[in-house]
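What follows is calculated from the coordinates using simple rules that are stated; it is not laboratory data. The structure displayed is predicted, hence computed values, not measured ones. Here Cβ is always computed from backbone atoms with ideal geometry, including for glycine, and neighbour counts include all displayed protein chains.
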Amino acid sequence: MSTATATANVFGTEVPQPKQHGKPGGIMRRLNFGTGLIGGIGLATVAGLVTNALTPSGASTATFAPAAPEYVYLAVLLGWVIGFMAGIGAFIGPIRWVLGRDLTHADAEYMAGKDLGWKRYFKFTTDHKVVGIQYLVMTMVILGFGGLLAMLIRTELGVTWAEVFSPSFYNSLIGTHGIAMIIGMIIVVMGPIANFIVPIMIGARDMAFPRLNALSFWLLFVAAICLISSLFMGGVQDGWSVYYPLGAQAPPGMLGYQMTIIVFALSTGVASVNLMVTILTMRAKGMTWSRTPLLVFGVFASALMGLYAFPFYQYSQILALSDRIFNTSFFDPLEGGSVWLYENLFWLLGHPEVYVIIIPSAAVLMEIIPVFYRKPLFSFNFAVAGIVGVVALSGLVWAHHMYMTGWAPAVNYPFMLSTEMISIPVGFLVLVVIGTMWRGVVWTRLPVMAVYAVIFNKMIGGVTGIYLSDVPVDQYMHGSMFVVAHFHYMLMGAGLFGAMAGVAFYFPKMTGRMLDERTGSIGLWTAFIGFQITFGSMFVAGLQGQPRRVLQFDNLFNISNWISTIGAYTIGIGMLIFLGAIISSWMYGDKASSNPWGSKSLEWQTPTPVPLENFEVLPVVTERPYDYGVPDPYQKELDAVDGDLEKVGK
Amino acid sequence: MSAETQQPLYPTTGEPISTIARRAKAGLWTLIVLDVSGTLALIISYTYLWSLNVNDGWAPPGADLTYDQTNALPAKSDATFAVEWPFWAILGIVILATLAMWFGYKEIKRGNHAGLIIGTGLALVITIAGLVAQWIQITTFPFGSGNGAYASAVLLLCASNIFHFGMLTFLLLGIFNRARKGLINKAVHFQAQLMSYWMVWICIAFLLGAICTTFFVESPNTDPAIFGSFTQKS
Amino acid sequence: MSTTDVRPTGQPDEPEAPTNRPPSMHRVKMWIRRPYARWIMVLTVLIGFLLMPLAWLLLAAMNQTGAPASEVMKDIEQTVFVFTMVSIPITAFVFAVLVYSLLGWKHVSGDTPPEDESPAIRSNTIGVVLWTVVSSVLAFFLVVWGLAELAQITANSYGTIPADEQPEDKQALIVNVTGQQWVWTFEYPQYDGLTTETLYLAKDRPVYFNVTSKDVIHNFWAVELGVKIDANPGAITQTGVTPNKTGTFNVRCAELCGMHHAYMETAIQVLEPKAFNSWAREMGGGKTS
């Protein structure tokens, strides 16, 4: 190897080290969130000024908007992205690699945040536990922002006798709400829980590529700022799906949306790579696939679907950006472009994406239920089969969002078939949950009570999805509020409530405190009741014929909208209470023991707070997961009858 | 955990290099999936637009076609389809660079450090030449970005090629430098291996683009609906 | 019931091979005797009956403005009804388990993890197989129903005949629908290019819609007639229907198309054939085909 003679004690072994350049961490010692902001804002300003000087003010692009703001805004966005990432030290790793200055163990420890205290949350920190907490806070901010917008939307829809907001502002409300919630839901389990818990759950010290972990978080932050910036440039006025050519009419804020997605897709792509490789190659000794907890399967499946699907969304936005700035015509029918191309590229991501959201949430339920029923998970193999089935079919159903576009009527048949078939593996997951509940003695704590809410919502969401999967029925329901209610039942009713259950479950391990269950429950059930009112009434509005994305409508729909709005405010109150419970428990809650739930899973066998290296000695797994319960008393009855035909009662 | 004295250990985590190599290889496969999806998005865009020929706007306005092109917009320019051989020439350059990199990898597997340096150095130089060639091709296309769907699709494909070339240049720079410093050697050469695998995928990506621009040129749909009217062209 | 299966063995008094399991029916009977089994079955049926009115309620919501006004809409409503009924068994069962797990089986509270008391059932082949078979059969039924219905509706909607191939059927009415921000325009090529902003149709007369857009994607939704198709720029999409009821109905735009998407609505007037003809004449549309 190299001529360096220094060695370091790495988890008990003396390992030769490369040359230590400077103090541990090198230049990373001086780089943090502050320098990132300086770099980002600085480069954005410089880029904007330079572009402003270079761009003739009368220049035109292919769109309706004047050119100078477009180019300047794009330069600002690019400057922000590159500048912030440079300022926080994301490029240091690759540069050191090219120069051959490899990291030493001391460098790695520094970058993992050893002995840095609270500052490590504001740096390019590689420790997966730090990244998990960063994601948790970021997710709550994003979801809270989306929720605030939802309250504004419902206010507009509830005030049926006047226009509270202008039509264009309302359109940007719904567009921004949509994309903020989608981003928030994608990361709500995959961010905090997958990052913090999964490496410990599989008995590893960290993820496969710790620096990629830090990268994925800070890219998310950068993307979120891009989205916020779009609000100041006219907003995202075309729904979160931004169909073209409507998108081409949008103000410059659309560029902000495009950059958000391009960067966010990079963030999730990198995170998917990291999670998949970690799960594939870093499970503890003895942890065969049949000894791997379900959460790991769910996270892996979600990462896999995100991996193959996100580039389509990313490229759809790159092409859209190109249409806008470089006058290409991918989506402009006047010059050979096709609106259907955009729709296909978009939904190729758009559909797997809902499974990216729902599968980890379902997998979290499967971690919670065995613990609180003190029962093994019902039919582990069936659960895996369900997840595998969903992943396998996830890429084959996208055009059910395009039944009504007229792009290829003959193709509606096979897509209807595949879409209705995917309900079967999803059903497997429901069976596993209720099978685990079956005959179980339930310990009525918040995480498991939330599961009831999730399953209830999931059934309603699933059945209404069956209606929509049928092409003739979709001929009535597509583009109506029925669709909106359906996907809110799935993504929010099942997805978000499941994530809330997961956060409540892992709260003691992640924060070291117990979540105040009384307040949390009040919040959760208030939100649940509000949820039924809001979206149950929304189904009715859709059936009555109310289209989506409208701010004014026939008097026929007034009552359903009033009811929905009241329900929405109830959700808002409930969610605020739940958020309040999280924040106050985080700051002042009872200190948690290392295993308050009595779980047998690996992550609960560590002390709280979890030490930097997770385990002093890497564990070896010898048992199946979910080893709870006592022998079945009825089995004795069956066994007693076996072998003695006289007792059969002839 | 006892250190296997035969195998070097990774400095930051103390794991044997073979473990790290396996992990990195898995990472490479996932990155390839990511890039495959992205490239497929472009190929799908190209072929779908080619098949639709919306509003007769696929071919550049001045192209020589076998059917009557009725475009709602008057043909304003003499923009035509791109010449086909440069795509294959650039593919050839990429293949040469890949072969050079493979050569380097094979040599270091046998322990020949000089061979590694030659191979990676050659790969770097050829890649830079390819980058320049691709740039020249883009700037000398007989069409601009506003000349229809074909032009748009080809430009984005070539932009993707430039992006791949740029990434390759950076990576090969690193590989070459590390080879020079002895960080890639007979005992630890998984990075050379992964680089070789990656470059094979890059060849495939360039090949897909070349196939599109050679065999999917004139659209088969000579009868598209005309924008703003209710009749087909005929 | 006497023991059966006297298998020829070497020793005549050997117990019955291969096992001594009681016949399957007995195991089912033993299972049914368990209190939770009966309760859950009762709950399933009860919840199922409670859910059934939803099928009618869904239809009532859809029919508030005069639907169904065509065979297509009637087919759609029938499908909604059937799908609701078909979904009820599994939904009711799941809800029954949820309810019984809180009310029937034991629950404990407290701060410390309770002692393990639940039976360690890792799997139940019968349950898994039953669920798979039932859900697959139901899904299969839904698929077959859906495919057949789609084929029928497509046939009734003339949905795949391009604009320049639509037959010279004196019966059929052709309407060219143009969406643009934020107005619907209807052109009647058979009536001298008569153009209106309200859609007039004749009862019991099949109509082909050729739909396009002048700017962005809109969606032509004839609500009570149950037809919907995107209006795409640069393309012509088709759908069709035969209205079977006179009255005033709604066209709404079902794809976000900009600022005034909400206002992009217009009315459908379905008239008796004679009334339609006189309307056409009044509007200056002499019949040309």
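Amide H contacts for C:VAL108 (H built 1.01 Å from N in the peptide plane; partners 5 or more residues away or on another chain; cut-off under 5 Å): A:VAL442, A:TRP443, A:THR444. Using only alpha-carbon positions in segment A:156-278, the gyration tensor eigenvalues give semi-axes of 35, 16, 10 Å once each is multiplied by 5 and square-rooted (largest first).
Only Cα pairs under 8 Å and at least 6 apart count here; give the relative contact order of chain C as a rounded whole percent.
Computed over chain C, the figure is 18 percent.
The residue among A:ILE566, A:PRO425, A:TRP597 whose Cα reaches farthest toward the positive pole of the charge dipole of segment A:126-605, with charges on the beta-carbon of Lys, Arg, Asp and Glu, is A:TRP597. Along the axis of the charge dipole computed for chain C (Cβ charges of +1 for Lys and Arg, -1 for Asp and Glu, origin at the Cα centre), the listed residues C:HIS260, C:PHE220, C:ASN63 are led at the positive end by C:ASN63. The charge dipole of the protein assembly as shown, taken about its Cα centre with unit charges on the Cβ of Lys, Arg, Asp and Glu (plus for the first two, minus for the last two), comes to roughly 3440 debye. Neighbour counts of C-beta atoms inside 10 Å place A:HIS401, C:HIS107, A:HIS486 in the sequence C:HIS107, A:HIS401, A:HIS486, starting with the fewest. Across segment B:35-215, C-alpha contacts under 8 Å between residues 6 or more apart give a mean separation that, scaled by the residue count, equals a relative contact order of 31 percent. Of C:PRO119, C:PRO243, C:PRO206, the residue with the greatest mean-square motion in the GNM of chain C, using alpha carbon springs below 10 Å, is C:PRO119. Any chance you could list P(r) for chain C, counting all Cα-Cα pairs in 10 angstrom bins from zero, rounded to whole %? Computed distribution, short to long bins: 5, 19, 21, 15, 12, 11, 8, 6, 2, 0, 0. Considering only the other residues whose Cβ falls under 10 Å of the Cβ of A:VAL484, what net charge follows from Lys and Arg at +1 and Asp and Glu at -1? The answer is +2. Note that segment B:35-215 shows a convex hull volume over its alpha carbon atoms of 96 Å³ per residue. Per the Debye calculation on the protein assembly as shown with a single equal scatterer at every Cα and no solvent contribution, log₁₀ I(q)/I(0) for q = 0.04, 0.09 Å⁻¹ amounts to -0.24, -1.18. Take each residue of peptide A:245-256, count the partner chain Cβ atoms within 10 Å of its Cβ, and average: the result is 2.
Under the convention that each Lys and Arg Cβ holds +1 and each Asp and Glu Cβ holds -1, the size of the dipole of segment A:126-605 around its Cα centre is about 1720 debye. Helix C:35-51 and the longest principal axis of the Cα set of chain C meet at an angle near 10°. About its Cα centre, the dipole of segment C:163-282 is roughly 320 debye, where the only charges are +1 on Lys and Arg Cβ and -1 on Asp and Glu Cβ. Counts of other chain beta carbons within 10 angstrom of each beta carbon in peptide B:45-57 average 6.
Counting only alpha carbon atoms, the long axis of helix C:53-62 and the longest principal axis of chain C meet at about 10°. How far apart, in nm, are the 7 Å Cα→Cβ label points at A:ILE95 and C:ASN63? Each label point is offset 7 Å from its Cα along the Cβ direction, giving 7.3 nm.
Look at the stretch C:90-97: the mean tally of other chain Cβ atoms within 10 Å of its residues' Cβ atoms is 5. Look at A:ARG30, B:ARG23 and count the other Cβ atoms within 10 Å of each Cβ; fewest to most, that gives A:ARG30, B:ARG23. Once the mean of 1/r is taken over each pair of separate Cα atoms and inverted, segment A:268-361 shows a Kirkwood hydrodynamic radius of 15.1 Å. Computed over chain A, relative contact order equals 13 percent, with contacts defined as Cα pairs under 8 Å that lie 6+ residues apart. Just name one of C:GLN78, A:TYR342, B:ASN147: the one whose Cα is farthest towards the positive end of the charge dipole of the protein assembly as shown (beta-carbon charges, Lys/Arg +1, Asp/Glu -1). Working it through, the farthest residue towards the positive pole turns out to be A:TYR342.
A viscosity of 1.567 mPa s and a temperature of 4 °C, combined with the Kirkwood radius over Cα pairs in Stokes-Einstein, give a translational diffusion coefficient for chain A of 49 µm²/s.
To test your reading of the geometry: what angle, between 0 and 90 degrees and rounded to tens, separates the Cα axis of helix C:125-157 from the longest principal axis of chain C? Relative to chain C, helix C:125-157 is tipped by roughly 10 degrees.
When the alpha carbon coordinates of segment C:163-282 are projected onto the principal axes, the ranges are 39, 30, 25 Å, largest first.
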